[in-house]
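Scroll down for the structure; my scribbles are underneath it.
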Amino acid sequence: MKTIIEKLDENQIDEDILAKAGEILKQGGLVAFPTETVYGLGANALDEEAAKKIYAAKGRPSDNPLIVHIADVEALYPIVYDVSDKAKKIIEKFWPGPLTLIFEKSERVPHGTTGGLQTVAVRMPVNAIARELIREGGGYISAPSANTSGRPSPTSAEHVAEDLDGKVEMIIDGGNVDIGVESTILDMTVEPPMILRPGAITREMLEEIIGEVDVDRALIAEDDSQAPKAPGMKYRHYAPKAQLIMVEGETDEVVKAIKQIAYEQTCLGYQVGIIATSETADLYTTGLIKSIGTRNNENSIAKNLYKVLREFDEEEVSYIYSETFAKDGIGDAIMNRLEKAAGHHVIRATDITRLQKYRRVLFVSNSDNCRGPMAAEILRHEDLTQEYKIGSRGLVVLFPEPANQKAEAIMRSQQMTLEAHEATGLAEEDLDEDTLILTFEESQKWKIISDYGNVKNVYTMKEYIDDEREVPSAHGQPLVVYGENFQLLKELIHKLAEKLNEEAKSL
Ligand code: TXA
Ligand code: MG
């Protein structure tokens with residue numbers, strides 16, 4: 001089948017295109033269209049044959065009921081058995097909008113649409129294209145998300161085309177959706193009403209209008225052991241090609257943990273993806289990093305969620321590590337979708353971060369223009385199983401001078417360089433828990449301790465790697481002395497790398 005793709009502007013809808021789309025629906029065909037949540041795959045909801053086509057196009061199990069979309073509140077009454085006062089209050093407040101309500105169905109709704117259930121899910125979208133199309137198409141349009149079953153819901157017409165080109169009569173391109181996660185589903189056939197799927201309309205928002213609202217326990221469960229009440233929620237909706245793992249905890253701890261794993265996995269030869277936020281994306285150093293939005297506005301995260309997951313499916317990553325989000329507001333829906341995609345694979349950041357003792361190694365000398373920068377650069381060339389920021393500092397640095405020229409000459413003869421180096425003085429903030437400080441001489445160590453109090457993690461190289469040899473200052477000496485220093489440093493730094501790697505294993 002040749003799929004027609006038509007662009008429509010929500011603010012200026014082309015009536016001819018709309019009429020054509022409406023005609024397809026009335027004839028029992030399929031039209032994908034934008035809503036404010038995700039794109040829907042529309043068919044005439046009162047026509048059982050049309051419903052069958054939806055299941056076929058999506059490759060979706062036919063016991064999974066469809067949501068009937070309407071354009072006007074009056075359209076609700078003929079298809080349901082009863083509308084309670086509570087339901088009326090909710091409709092008054094939240095329709096049109098991202099909220100689906102479940103009612104006892106009337107005779108008019110075929111079982112093909114409800115997956116054999118006696119209840120029907122109804123939603124009135126706010127998107128103008130969606131509503132005009134529903135009216136044109138006869139008033140009752142069943143519309144699951146317009147993706148192949150098992151893929152993330154589409155939030156743009158491109159996503160729809162990826163999955164359904166050639167399988168549907170028409171795709172209406174109305175640009176990117178506003179919300180990005182599917183509607184909240186509220187079951188009005190039980191008392192108190194129960195949320196079967198979290199979305200942009202939250203429990204708090206609903207409770208403000210009608211009092212107590214329950215949440216399907218299967219949504220709160222840590223795993224998939226409880227069968228959810230919305231049949232569609234029981235499927236592991238979308239399983240990314242890569243293993244998705246959520247990392248929870250304080251944000252800075254989460255970043256540390258993901259950095260740490262990404263580095264180690266990369267060393268082992270895996271490609272790693274990272275779901276970051278605009279606040280944290282720059283902090284990562286290894287892996288394919290994608291920002292999903294800003295933590296200042298969780299709506300931006302909801303909006304990009306499925307797009308980012310789709311993008312990762314295109315990449316050859318084996319693992320995706322994702323930051324986690326607070327479960328309030330739309331965060332609840334975001335976490336629900338992410339946890340499902342991860343198959344509930346969640347790890348605690350601190351379980352990872354406690355496995356790495358140091359994250360930074362600083363070599364401290366007197367003037368930071370020779371031994372220190374050489375040692376740092378040599379260590380950067382070692383194979384380390386964990387990631388460290390590696391640098392050097394001086395105890396008496398008056399201005400940011402470049403590295404000693406003889407040191408640089410020796411380094412160059414070894415295919416390394418200190419070109420970018422500028423001498424930097426040691427400062428209080430360098431002495432944090434995460435930093436290993438190594439001095440070349442005993443006196444340097446004691447100077448640090450006397451200047452800053454009894455700081456942790458300050459050792460002489462000798463003491464730390466348990467080697468008698470000391471690297472003397474080559475200041476004012478001929479080039480050969482620098483060369484000898486280099487050789488000695490190389491041996492000692494190699495021992496240091498082994499010690500760091502050994503320590504990583506034993507933690
Ligand atoms: O935001 C949305 O709701 C989007 C857009 C296109 O409107 N639609 C959507 O449809 O997400 P779909 O088919 O992907 O998800 C419908 C969910 C499924 O989990 C299904 O099991 C549940 O609604 N559902 C439908 N009818 C139901 C019923 N009578 N009782 C319980 N759950 C029902
Ligand atoms: Mg869906």
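The values are calculated or read from the model by the stated rules, or taken from the named source; none is laboratory data. In this text the structure is predicted, and so the values were computed from the model without any measurement. Cβ: placed from backbone, ideal geometry, glycine included. Neighbour counts: every protein chain shown. Only protein heavy atoms, including side chains, enter the accessible area calculation; ligands, DNA and RNA are left aside. Shrake-Rupley method; radii C 1.70, N 1.55, O 1.52, S 1.80 Å.
For the residues ASP282, ASP467, a 1.4 Å probe over the protein chains yields an accessible-area ranking, largest first, of ASP282, ASP467. Shown for the chain are no DSSP H helices, since none reaches 18 Å along its axis, judged by Cα atoms, with a mean Kyte-Doolittle hydropathy of at least 1.0.
Ranking ILE410, GLN444, LEU507 by how far each Cα lies toward the positive end of the dipole of segment 385-507 (charges on Cβ) leaves ILE410 at the top.
Remark: relative contact order (the chain) = 12 percent; criterion is Cα-Cα distance under 8 angstrom and separation of 6 or more residues. Taking a threshold of 22 Å on the Cα-Cα distance, which of the pairs LYS303/LYS340; LYS53/LYS93; LYS58/LYS290; LYS340/LYS505 fall above it? Beyond 22 Å: LYS53/LYS93; LYS58/LYS290; LYS340/LYS505. Taking only protein heavy atoms and a 1.4 Å probe, the accessible area of the chain is 47% carbon and sulfur.
Taking R0 as 60 Å, what's the FRET efficiency between SER278 and VAL481 from their Cβ-Cβ distance, rounded to 0.05? In this case the efficiency is close to 0.75. Treating each Cα of the chain as one equal point scatterer and applying the Debye formula with no solvent, the log10 of I(q)/I(0) at q = 0.11 Å⁻¹ comes out as -0.88.
Only protein heavy atoms count here; on that basis, with a 1.4 Å probe, LEU18 has an accessible area of about 0 Å². The Rg/Rh ratio of segment 4-217, with Rg taken over Cα atoms and Rh as the Kirkwood radius over Cα pairs, comes to 0.94.
Just so you know, the averaged projected area of the alpha carbon convex hull for segment 243-353 sits at 6.0 nm².
Tally the DSSP beta bridges in the chain and give the antiparallel ones as a percent, rounded to 5. Mind showing how you got there, number by number?
Numbers: 18 of 64 bridges.
Within the chain, antiparallel bridges account for around 30 percent of the total.
Dipole check for segment 360-506: with +1 at the C-beta of Lys and Arg, -1 at the C-beta of Asp and Glu, and the Cα centre as origin, the magnitude is about 300 Debye. Solvent-accessible area per residue in segment 23-78 equals 33 Å², computed with a 1.4 angstrom probe and all protein chains kept.
By how many nm would the segment from TYR452 to TYR270 grow when fully extended, if each residue of separation counts as 0.36 nm and the alpha-carbon distance is taken off?
On the way: separation 182, 0.36 × 182 = 65.52 nm, distance 4.20 nm.
Result for the pair: 61.3 nm of gain on full extension.
Accessible surface for segment 243-353, divided over its residues, is 41 Å² per residue with a 1.4 Å probe. Just so you know, the Cα atoms of segment 352-507 work out to an Rg and Dmax of 14.8, 48 Å. The length gained on full extension between ASP82 and GLU422, counted as 0.36 nm times the residue separation minus their Cα-Cα distance, comes to 114.7 nm.
Classify segment 1-78 as rounded, prolate or oblate from the Cα gyration tensor: take a ≥ b ≥ c as the square roots of its eigenvalues, call it rounded if a/c is under 1.5, otherwise prolate when a/b beats b/c and oblate if not. Oblate shape, in that a/c is at least 1.5 and b/c is the bigger or equal ratio. You can think of it this way: the chain between HIS345 and SER413 has 19.5 nm of extra reach, that is 0.36 nm per residue less the Cα-Cα gap.
Considering only beta bridges that DSSP places wholly inside segment 4-217, some 55 percent are antiparallel. Listed by chain and number, the aspartates and glutamates whose C-alpha is less than 18 Å from the C-alpha of LYS105, apart from same-chain residues fewer than 8 away, are ASP47, GLU48, ASP63, ASP72, GLU74, ASP82, ASP85, ASP187, GLU191.
Largest accessible area first, the listed residues HIS345, HIS421, HIS69 line up as HIS345, HIS421, HIS69 when surface is computed with a 1.4 Å probe on the assembled protein chains. Once the gyration tensor of the Cα atoms in segment 267-326 is diagonalised, the equivalent ellipsoid follows with semi-axes of 21, 13, 8 Å, ordered largest first. Taking all protein chains into account, the per residue accessible area for segment 374-426 stands at 55 Å² (1.4 Å probe).
List the relative contact order of segment 243-353 as a percent without decimals, with contacts defined as Cα pairs under 8 Å and 6+ residues apart. Over segment 243-353, the number comes to 43 percent. Of LYS58, LYS462, the order by accessible heavy-atom surface (1.4 Å probe, DNA, RNA and ligands excluded), from most exposed downward, is LYS462, LYS58. Mean projected area of the convex hull spanned by the Cα atoms of segment 440-507, taken over all viewing directions: 5.6 nm².
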